[in-house]
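Working notes, structure below.
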Amino acid sequence: MKINGTDIYWNPILETLPPIKLRALQFKKFKRMVEWAYENSRLYRRRYDEEGFKPEELQRWEDIYKVPIIQKEDFRNAQIREPWPYGESLSVPLEDVARFHQTTGATGQPVYMPDTWADWEVRTECWAYALWAAGFRNTDRVFIPFGYNVYMGSWSGHYACEKLGCEVVPGGILNTEERLLKMKELRVNAFMATPTYVLKMADVCRNKLNIDPREMGIDKILCSGEPGASVPTTKKLLEDAWNARVFDFVAATEVGGWAYECAHQPGGLHANEAFFLTELMDIDTGDPIEELHMPGKVVITTLDRFGHPCIRFDSKDVGMWDKPCGCGRSFRILKGGVHGRVDHITKVKGVLFSPIAVDEVVRTIPELADDYELIVTKEGPIDELILKVEMQPEATADQEAVKSKLSRELRLRTTLHFEIEFHPFGTLERPHIQVHRFKDLRAH
Ligand SMILES: [Zn+2]
């Protein structure tokens, strides 16, 4: 939609709503959702009754903090009961459910996620904000290089592309080489994938097809599924590999796509505050964080989806607020996007450690290949960090010199010592998502 001669906003009214009006809108929607869940979801009614909370206590903003936090485990436990497979989380009649999806189950039993048709429209609308902000328009031909299966992400992205009027090409079933050939054949100019897979595609393009990915005619890539595209060094690597602009976007099955990067690339993501209430909480004390640059755990409420309410959901993502973006959106900025997950941010030798920091360091050393493996283990009572890396096949630098540079950079960035192992190029695992590079083998 054009505003003042530009068309930077998907929804110029909501995206530029003054903060005071935005908070009033969020509070109104939040209260409506809590009342709905208490009336219609056996899970929420039980949880709130157990904690002695009543929806009528919600009179002013601060009352939000009285509402009990909900965990993924609560959804898992609720789905043991009827109606199959959603159980007590379901807040609409089963016949109103129009779509089934589920979480990947990477951290345990998958959560089954129902959406009514209205819920599904909200999900795709949230993705549309992200795509539009990244410059996707109806002139784009967009490739989605995944088999969508029962997982939410690519389905939402696909429908949102259609909503914008993009021409969308589903790339399931095919292997990476076939996908690249299809992209070339159809002259697609945009795609969406995890950062790890974006790099893998570039690698396969160069080394298996002998095509420079920069010659593929891609001008923009939307990344989600892991935090890499907001890490400056990784973003540069992705953008250089394809000669395209790369935008980060955060989505979760339980909540939907809740934060996106705009064309200003402000070094962070806009929380979509029209559709979500996004809170930051101190990781140890649970106190709300409103200050800038203080890391906290992200707690999210979906404000507009009624089939499976998600109220004050502990996303386990870590983020921090930043100053407003210059693009004119009033939605707050999460500096550096998502900084990993609370359950991956761990104490090593008493120091708070985020594996994403290692990603950033490895990417700054050009002699190293993109793939690595990070292991935390225990040597007696002492934590030990082992980092397995590969040299680029064409690298001519001395391995010992690269090792001491890597060790120095890691110590600067994390204050920790790493045991560094070199492995022959191409022998480390190449996962599609980054978190699988990190293995914590200590008994908890
Ligand atoms: Zn912006």
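Counting only DSSP beta bridges with both residues in the chain, tell me the antiparallel percent, nearest 5.
65
Highest average first, the peptides 170-181, 243-254, 25-36, 273-284 ordered by how many other beta carbon atoms sit within 10 Å of their residues are 243-254, 273-284, 25-36, 170-181. Can you pick out the pairs among Lys182/Lys405; Lys72/Lys349; Lys29/Lys235; Lys66/Lys335 whose Cα atoms lie more than 32 Å from each other? Beyond 32 Å between Cα atoms: Lys182/Lys405; Lys29/Lys235.
If only the Cβ of Lys and Arg carry +1 and only the Cβ of Asp and Glu carry -1, the dipole of the chain around its Cα centre is close to 580 debye. Between the stretch 149-212 and the stretch 227-275, the C-alpha centres lie 17 angstrom from each other. A convex hull fitted to the Cα coordinates of the stretch 222-280 yields 90 cubic angstrom per residue. Legend: Rg and Dmax of the stretch 328-444, from Cα coordinates, 15.5, 54 Å. When the square roots of the Cα gyration tensor eigenvalues are ordered a ≥ b ≥ c, the ratio a/c for the stretch 52-140 is 1.5 or more and a/b does not exceed b/c, which makes its shape oblate. Karplus-based coupling profile of the stretch 302-314, in residue order and whole Hz: 7, 9, 10, 10, 10, x, 9, x, 9, 10, 6, 7, 7, with θ = phi - 60° in 6.51 cos²θ - 1.76 cosθ + 1.60 and x standing for Gly or Pro.
Taking Cα atoms of the stretch 253-356, Rg/Rh with Kirkwood Rh, to two decimals? Could the numbers behind the result be given before it?
Working: Rg = 13.9 Å, Rh = 14.2 Å.
For the stretch 253-356, the value is 0.98.
Summarising the amide proton neighbourhood of Glu421: residues at separation of 5 or more, or on other chains, whose placed amide H is nearer than 5 Å comprise Leu387, Lys388, Val389.
For the chain, the longest principal axis of the C-alpha atoms and the axis of helix 117-133 are separated by about 40°. Applying the Karplus relation 6.51 cos²θ - 1.76 cosθ + 1.60 with θ = phi - 60° to the stretch 356-363 yields 3J(HN,Hα) values of 4, 4, 5, 4, 5, 5, 4, 5 Hz, where x marks Gly and Pro. Between the Cα long axis of helix 195-207 and the first principal axis of the chain there is an angle of about 30°, rounded to the nearest 10. Close amide H pairs (under 5 Å, H built 1.01 Å from N) link Gly337 with Leu269, residues at least 5 positions away or on another chain.
For the stretch 175-289, what does the accessible surface come to per residue with a 1.4 Å probe? Please give it in Å². It amounts to 35 Å² per residue over the stretch 175-289.
Per-residue extension of 0.36 nm, minus the Cα-Cα distance of Arg137 and Lys403, leaves a gain of 91.3 nm for this segment.
At the listed q of 0.19 Å⁻¹, the Debye profile of the stretch 145-269, built from one uniform point per Cα, gives log10 I(q)/I(0) equal to -1.11. Percent of Cα pairs in the chain per distance bin of 10 Å, from zero to the largest separation: 4, 20, 30, 27, 15, 4, 0. Database remark: amide H of Leu368 closer than 5 angstrom to the amide H of Gln392 (H placed geometrically; neighbours at sequence offset of 5 or more, or on other chains; Pro and chain starts carry no H). Farthest towards the positive end of the charge dipole of the stretch 346-440, among the residues Leu387, Leu412, Ala369, is the Cα of Leu412, using unit charges on the Cβ of Lys, Arg, Asp and Glu. In a fully extended conformation the segment linking Glu73 and Ile20 would gain 15.7 nm over its present Cα-Cα distance, using 0.36 nm per residue.
Rolling a 1.4 Å probe over the protein heavy atoms of the stretch 314-444, with every protein chain left in place, gives an accessible area that is 55 percent carbon and sulfur.
A simple spin-label model places the labels of Asp282 and Leu416 2.4 nm from each other, with each point 7 Å out along Cα-to-Cβ. Working from label points 7 Å from Cα in the Cα-to-Cβ sense, the His293 to Lys54 distance is 4.5 nm. Here the accessible area of the stretch 88-187 is 52 percent carbon and sulfur, with a 1.4 angstrom probe and all protein chains present.
The values are calculated or read from the model by the stated rules, or taken from the named source; none is laboratory data. All values derive from a computational prediction rather than experimental measurement. Note that we place each Cβ from the backbone using ideal geometry, even for glycine, and neighbour counts take in every protein chain shown. When the accessible area is computed, the model is the full protein with side chains, heavy atoms only, and any ligands, DNA or RNA have been set aside. Shrake-Rupley method; radii C 1.70, N 1.55, O 1.52, S 1.80 Å.
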